[in-house]
1. Might you check whether a residue that is outside any loop (DSSP other than H, G, I, E, B), modelled with pLDDT of 95 or more, farther than 24 Å from D185 by Cβ and charged (D, E, K, R) occurs anywhere in the range 16-24?
2. Do we have F36 as in contact (Cβ under 8 Å) with a residue 40 or more places away in the chain, in the same structural domain as K390 (by TED's automatic domain parsing) and surrounded by 11 or more Cβ atoms within 10 Å (Cβ to Cβ) here?
3. Under 6 Å by Cβ, and 6 or more places apart or on different chains, what pairs join a residue from the range 189-209 that is in the same structural domain as L161 (by TED's automatic domain parsing) with one that is assigned to a strand (DSSP E or B) and of a type outside the set (A, V, I, L, M, F, W, C)?
4. Inside the range 77-130, can you point out the residues that are among the aromatic types (F, W, Y) and crowded, with 21+ Cβ neighbours inside 10 Å?
5. Scan the range 158-182 for residues that are among the acidic types (D, E) and more than 19 Å from the chain's Cα centre (by Cα) and jot them down.
6. Inspect the range 348-355 for any residue being in contact with a Leu (Cβ under 9 Å, 6 or more places away or on another chain) and modelled with pLDDT of 95 or more and give the result as yes or no.
7. When both residues are 6+ apart or on different chains and their Cβ atoms are under 6 Å apart, which pairs have a first residue that lies in the range 312-339 and is assigned by TED's automatic domain parsing to the domain that holds P355, and a second that is of a type in the set (A, V, I, L, M) and surrounded by fewer than 18 Cβ atoms within 10 Å (Cβ to Cβ)?
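The values are calculated or read from the model by the stated rules, or taken from the named source; none is laboratory data. Please read all numbers here as calculations on a predicted model, not as lab measurements. Reconstructed Cβ throughout: ideal geometry from the backbone, glycine too, with neighbour counts over all protein chains shown.
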Amino acid sequence: MSSLQDKLKAALQSRETRKIRRQLSDPTSDVGLVDFHTNDYLSLSTSEDLRSRFLEKLNTAPNVLGSGGSRLLVNGTAHHALEARLATFFGSQCALLFNSGFDANVGLFSCIPQDGDVIVFDEYIHASVHDGARSSRARGNLFSFEHNSLTALGDLLLRLLRSRPGLTEGTQSIFVAVESLYSMDGTLAPLLQIVEMMETLFPQGNGYVVVDEAHSTGVYGPQGKGLVALLGLEQRVFARLHTFGKALAGSGAIVLVNTLVRDYMVNYARPLIYTTSLSYANIVATDCSFDLLEDGTTKALSAHLLRLSTLLTTTLTGLLNSHPHIPTHLLSLPPHLSSPPPASPTLSPSLAHLPTPIIAIMTSSPRPLSAHLRRKGMNARPITWPTVPKGKDRVRVCLHAGNTEEEVMRLAKEMVEWALEDMEKVSAGGGAGVDREGPAAGSLAQSKM
């Protein structure tokens with residue numbers, strides 16, 4: 001066996017021993033289970049309406065298969081038309097398609113920041129921002145701040161201003177990267193306050209906010225345009241990223257920027273330049289999804305989705321209050337959901353109590369809880385380090401417009417039943433907080449760091 005094989009096997013064995021080895025699940029294992037794990041928030045992947053619209057457009061589309069090459073080689077009519085449509089829809093000067101949200105973030109952050117610039121990001125930002133920033137000209141000037149903490153962000157920005165005269169003079173730029181809705185925690189960024197802080201601290205106009213709206217697209221804002229649009233910040237942020245592969249049941253992503261930035265990315269964004277573009281069929285599918293956003297079809301879906309979120313948190317909170325002896329390490333909601341303040345100091349009034357489709361169920365035994373839910377016909381996945389920080393294991397619950405109130409209430413009930421059963425086993429000498437193997441043990445989410 002070669003040295004390389006030895007090293008690869010040792011690394012995998014290390015992950016196996018620590019129970020963090022990732023594996024692709026059996027594609028047939030989820031059949032018949034209630035979906036509480038995918039990012040299909042509006043349940044459009046199973047929408048007969050979307051399917052019929054897609055097949056009808058596909059039948060009349062002049063081009064269907066492939067795309068012919070990269071965008072610089074073949075700028076397809078459908079691709080160009082979708083970009084123009086989305087620029088108008090989102091109220092942006094320009095739009096630029098990418099094959100995925102990952103490619104879009106890497107493309108933007110790897111090429112736009114210049115020598116001497118600074119990139120600041122929320123500690124829970126997606127892995128793609130890290131990868132893009134680390135390959136940028138600003139790779140020596142990367143700084144993170146505590147998740148959603150305006151105090152931590154403000155302190156960091158002030159330190160950078162004091163130590164870097166170019167930021168004060170406006171000869172250097174600073175970029176702040178956040179997600180509007182964070183995928184592992186279901187928390188909302190205080191976008192308005194971040195934008196106001198940047199405008200105040202960088203009056204020269206050299207402070208730029210970049211917002212990843214991957215998980216809020218289709219769910220929030222007028223016609224599902226996201227949180228930036230909900231807050232009316234379209235002209236006050238530098239760039240927005242919207243993906244098509246979550247609530248919209250498609251694939252690909254769009255970056256919303258001004259004309260100059262788009263032109264620069266066409267020339268320097270390697271994930272755009274050196275890859276074959278999305279197929280025509282992908283473009284047609286995405287176009288159909290935006291038809292549903294524009295004609296109001298998805299409005300009722302997103303409203304129902306957010307009602308289910310409130311139902312889950314209130315039901316689970318009530319059940320946990322009825323069983324106060326259940327330790328919080330075994331089963332609890334995260335702080336922002338278990339004891340929401342009457343008025344949030346970090347979120348604008350319109351966002352302070354906005355439900356989200358992502359609910360993190362905090363538990364020291366995520367695999368056993370996930371396995372219990374599978375036995376009860378429900379699919380919610382365990383999430384552990386390195387996807388989330390150590391000590392913050394959870395079962396990530398993703399709600400969907402296609403879920404019913406009965407399913408959501410049963411989910412809450414079964415989680416509490418599992419906790420009570422686990423406590424009984426502990427009392428009987430079965431061991432406390434043991435992360436026992438189960439069918440979902442290997443089904444860990446991709447790392448974001």
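1. Kept after step one, since they are outside any loop (DSSP other than H, G, I, E, B), are these residues of the range 16-24: 16-17.
Imposing the further condition that a residue be modelled with pLDDT of 95 or more reduces the set to none.
No, because not a single residue in the range 16-24 is outside any loop (DSSP other than H, G, I, E, B), modelled with pLDDT of 95 or more, farther than 24 Å from D185 by Cβ and charged (D, E, K, R).
2. Details: in contact (Cβ under 8 Å) with a residue 40 or more places away in the chain: yes; in the same structural domain as K390 (by TED's automatic domain parsing): yes; surrounded by 11 or more Cβ atoms within 10 Å (Cβ to Cβ): yes.
Yes: the conditions hold for F36.
3. Listed by first residue and then by second, the contacts come to M198/G207.
4. Looking only at the range 77-130, we keep the residues that are among the aromatic types (F, W, Y), and these are 89-90, 98, 102, 109, 121, 124.
Listed by number, the residues that qualify are F90, F98, F109, F121, Y124.
5. Pass one, the range 158-182, residues among the acidic types (D, E): 169, 179.
E169 - this is the single residue of the range 158-182 that is among the acidic types (D, E) and more than 19 Å from the chain's Cα centre (by Cα).
6. Yes: one or more hits.
7. From the range 312-339, the pairs are T315/M409.
Residues are listed down the side, and each one gets a yes or a no for (1) in a loop (DSSP other than H, G, I, E, B); (2) assigned by TED's automatic domain parsing to the domain that holds R367; (3) among the hydrophobic types (A, V, I, L, M, F, W, C):
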position	(1), (2), (3)
Q5	no, no, no
S14	no, no, no
T28	yes, yes, no
L55	no, no, yes
